[in-house]
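The values are calculated or read from the model by the stated rules, or taken from the named source; none is laboratory data. Bear in mind that the values here come from a model prediction, so they are computed numbers and not experimental data. Don't worry about glycine lacking a Cβ; one is built from the backbone with ideal geometry, like all the others, and counts go over all protein chains shown.
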Amino acid sequence: MSTSKRLPIAGHSSINIRNLSIKCGNCDTYQTLSHFRPRDEWNVYTYECENDICDPEVTRTYVEVPAELDEFANRDPTWHGGKIHAGAGGDHEH
Ligand SMILES: [Zn+2]
C-alpha cells in the first residue's frame, strides 16, 4: 500500500470558475455569478442567490481565484468587468 500518491496537477494547475458550483447553504440552490473584479493578485467572483428566499446582501459569496491560475478570465479577457448573464436586473457599473 502506497501513501505516496502524487497529484498530477502539482506545480502547474489552473482553475476554471465555470467548473465550480456555488451552492447556498441557506436556500440550498445554486448561486449565480453576478460580478467579477480583479483585486491585486486575485480575481474575485461574486455569487448571489436569485430567488425570493435569500437576501443577497446576506448570502452573497465571494470566490477568490489566484489570477495566474484563473483559466476562465484568461480565456475570456473581454468578459472582464462585464456580466455573463444578460438577463434582468442591471446594477452594472462601469
Ligand atoms: Zn440562498
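Across the range 50-70, the qualifying residues are those that are of a type in the set (A, V, I, L, M, F, W, C) and either under 14 Å from HIS35 (Cβ atoms) or exposed (fewer than 13 other Cβ atoms within 10 Å of the Cβ) (or both), and the one among them that is nearest to the ligand (Cβ to nearest atom) is ILE53. Restricted to the range 1-27, and to residues there that are among the aliphatic types (A, V, I, L, M) and modelled with pLDDT of 80 or more, the residue that is nearest to the chain's Cα centre (by Cα) is ILE17.
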